[in-house]
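Novice: Would you mind keeping the following structure in view while I ask a few things?
What follows is calculated from the coordinates using simple rules that are stated; it is not laboratory data. All of these numbers come straight from a predicted model, not from anything done at the bench. With ideal geometry, Cβ positions are generated from the backbone for all residues, glycine too; neighbour counts draw on all protein chains shown.
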Amino acid sequence: MKPAFAAALLALTVATPAAADLSLSQAIGQDGIATTLARLDALDRAPGPEEHFAKAGLRFLGGIESAMQLQWRTGMDQAAGNAGETLGVPLLRLPLPPNPAPEAFSGALVSQLFADLDAGMDRARQDLAALPEDAEFGLEIAFDDLWFDVNANGIRDPDEDAGALLGPQLMGWQWQNRDPAQPLPVIRFDTADAAWLTAYTHLLSGLSNTILAYDPAAAIDRVLAARKAIKVAPPNSGDPWDFDSSFGQFADAFAMLEGAVNAEPDVTRAQAAKAHFLATSAHNRRFWTLVAQETDNDREWVPGEGQTSALGFDLPPGTGDVWQAVLADGEALLTGRVLLPYWRGPTGQGVNLGRMFDEPRPISVTGWVQGWAAVPYIEQGARINADSLRRFEELMLGNAALMAVFLN
């Protein structure tokens, strides 16, 4: 599952002032994310725990929806040569419906997308922070009610259903093999899931700040200008076996990436990204602590021991402990307690990943291959091993990448 799938499942059953006879799930299905959130924000009383969680979930979803709307409005996926998909950039690889008349595209719009996403995640965390730690609630959403107003016309079009947008990307062959006559699942979110959601807001903020630390706008514009000067055909407009339709698009994407990271970074953004990634682990750890205390088994999102996910699967025994060991390795890397191996030099040294966030520099690909760019971060010390990750991969039986994103 991708981060967008996790976001797409977060909505709740809270009645709203303008639709008191509807659950929140039904209100989203009828009126959309933005309208339902506006009703909750307009409450003339102090929100309860369910409403704080509802607003946080809707702001999370709204951040994803806003990113989709910006992509659709500008035809970003086509204008950028499918760079987001080639490089695996979150939110830039979803198969959105085509826009027949997109606005002008520029690299600054990519920066805007991730700045807006970071701001949306911050607002979601404010709602989550208002939840008492001992708050008990159970809130439901039917995935069939969820949709994203991609073209911002306020109408639920068939190709805007969450299943149509996310299903093929998130579930692969399992999506194709499902019975389309069967309704999509209903999820019941509870207290533990507030910690899971908080962790995911930090994860998306960490990714956003990492991208913004090496602002890609100028590099994207330079590549787009070169494509225009060389008279390169738009992506997917010609023979799919044409060399430029394959290697050419990869070259464009790599040039955007290399041009972005080989520039002076924003130190504040890089340090913020590190803090968000560490917070992701901390809140994920709290999630597993709360899950272990649950005694029910009711349409769970991420199931604990003895529970089943509403998505129709159980996690192998010990998943929580093994996954937390993986996160602990990530924390050790970010704090510099262990080092990343480097291909040159003795085994008693490695790269301090945490210092790369604390003291970021332009990243030269050739410099890292040769070594001169790595020198400022090379230290003596213990290097990370892959034991925890290997145990997780063995436990997941080939689904490690999918489940890593699901568990965050």
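Novice: May I ask you to derive the FRET efficiency for Arg355 and Asp122 from their Cβ-Cβ distance with R0 = 35 Å, giving the value to the nearest 0.05?
Specialist: 0.85
Novice: Which ordering of Lys231, Lys55 is given by a fewest-first count of other beta-carbon atoms within 10 Å?
Specialist: Result, fewest neighbours first: Lys231, Lys55.
Novice: Past the 34 angstrom mark, what percentage of all C-alpha to C-alpha distances in the chain do you count?
Specialist: For the chain, the share of Cα pairs beyond 34 Å comes to 34 percent.
Novice: Working out 0.36 nm times the residue gap between Thr35 and Ala181, then minus their Cα-Cα distance, what length gain in nm do you get to one decimal?
Specialist: Going from the current span to full extension adds 49.7 nm.
Novice: Here is a further query. What ranking do Thr201, Thr35, Thr295 get, fewest neighbouring Cβ atoms within 10 angstrom at the top?
Specialist: Thr295, Thr35, Thr201
Novice: With a ≥ b ≥ c taken as the square roots of the eigenvalues of the C-alpha gyration tensor of the range 304-408, please select rounded if a/c is under 1.5 and otherwise prolate if a/b is larger than b/c or oblate if it is not?
Specialist: Prolate, since a/c reaches 1.5 and a/b exceeds b/c.
Novice: Divide by every residue of the chain the summed helix terms, -39500 (n - 2.57) for each DSSP H run of at least 4, and state the resulting mean residue ellipticity at 222 nm, rounded to the nearest 500 deg cm²/dmol.
Specialist: -16500 deg cm²/dmol
Novice: Any idea how far apart Asp242 and Glu136 come out in nm if each label point goes 7 Å out from Cα toward Cβ?
Specialist: In this crude label model, Asp242 to Glu136 measures out at 6.4 nm.
Novice: A further question follows. For Met396, Met121, which order do you get if you count the other beta carbons within 10 Å of each Cβ and list the fewest first?
Specialist: With the fewest neighbours first, Met396, Met121 line up as Met396, Met121.
Novice: For Arg222 and Ala325 in one chain, what is 0.36 nm times their gap in residues minus the Cα-Cα distance, to one decimal in nm?
Specialist: Difference between extended and current length: 32.9 nm.
Novice: Which of the GluC sites (Glu not before Pro) found in the range 131-168 are loop residues per DSSP with 13 or fewer other Cβ atoms within 10 Å of their Cβ?
Specialist: Here the sparse-neighbourhood loop sites are Glu133, Glu136.
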